[in-house]
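Report on one structure; see the data block that follows.
The values are calculated or read from the model by the stated rules, or taken from the named source; none is laboratory data. Note that the coordinates shown come from a computational prediction; the quantities given were computed from them, not determined experimentally. We place every Cβ from the backbone using ideal geometry, glycine too, and count neighbours over all the protein chains shown.
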């Protein structure tokens, strides 16, 4: 079983990458968090990329799915344990919302109708919530990811999620809010840690420019 790959990124196309590992190119379907991590890397940064992986074995295919860390991979495995949720749907979920948003959805701390994932209806979201409500807390949501991120991006995901919710309450679409937050964090990499209020304030400053 291939559980982790470390190599050089040689190609990227939407939600997938080709990773060169000792001369072998692996196609990996990546999560939103991995995509954001790659976007945040400076263009001149050619260091190795580490991706936690899950190998889905079918009779006629072998498919690799990639994650930012072990807890995100565990979330993927929980999702595919839900009746009617296969690897492709679980990957689709993780390309649109983050680990923290999924936990919030499952635990009932967010309204599922606010979450829009192509090809996934309200009933499926409710099924995921009902099935995993008692299981999701097995995953340690407090695991530190500092070593998984580019230097200078110490902002935690809870603060990002709260800031995103604030922007959505102001009328911004989820995709618009995520883009604004991503740009703000890029511009403030020197900050060791931004809390929710800091992110919201800087987002409003960015919007008003």
Filter region 1-21 for residues that are in contact (Cβ under 8 Å) with a residue 24 or more places away in the chain and not in a strand (DSSP E or B) and give the result. 1, 2, 3, 15
Conditions (1) in contact with a helix residue (DSSP H, G or I) (Cβ under 7 Å, 6 or more places away or on another chain); (2) outside any helix (DSSP H, G or I); (3) modelled with pLDDT of 90 or more: number failed by residue 110: (3)
Scan region 115-172 residue by residue and report those that are outside any helix (DSSP H, G or I) and at pLDDT 75 or above. 117, 118, 119, 120, 121, 133, 134, 135, 170, 171, 172
What is the one condition in (1) farther than 28 Å from residue 189 by Cβ; (2) touching a strand residue (DSSP E or B) at 6+ places or on another chain (Cβ under 8 Å); (3) surrounded by 18 or more Cβ atoms within 10 Å (Cβ to Cβ) that residue 3 does not satisfy? (3)
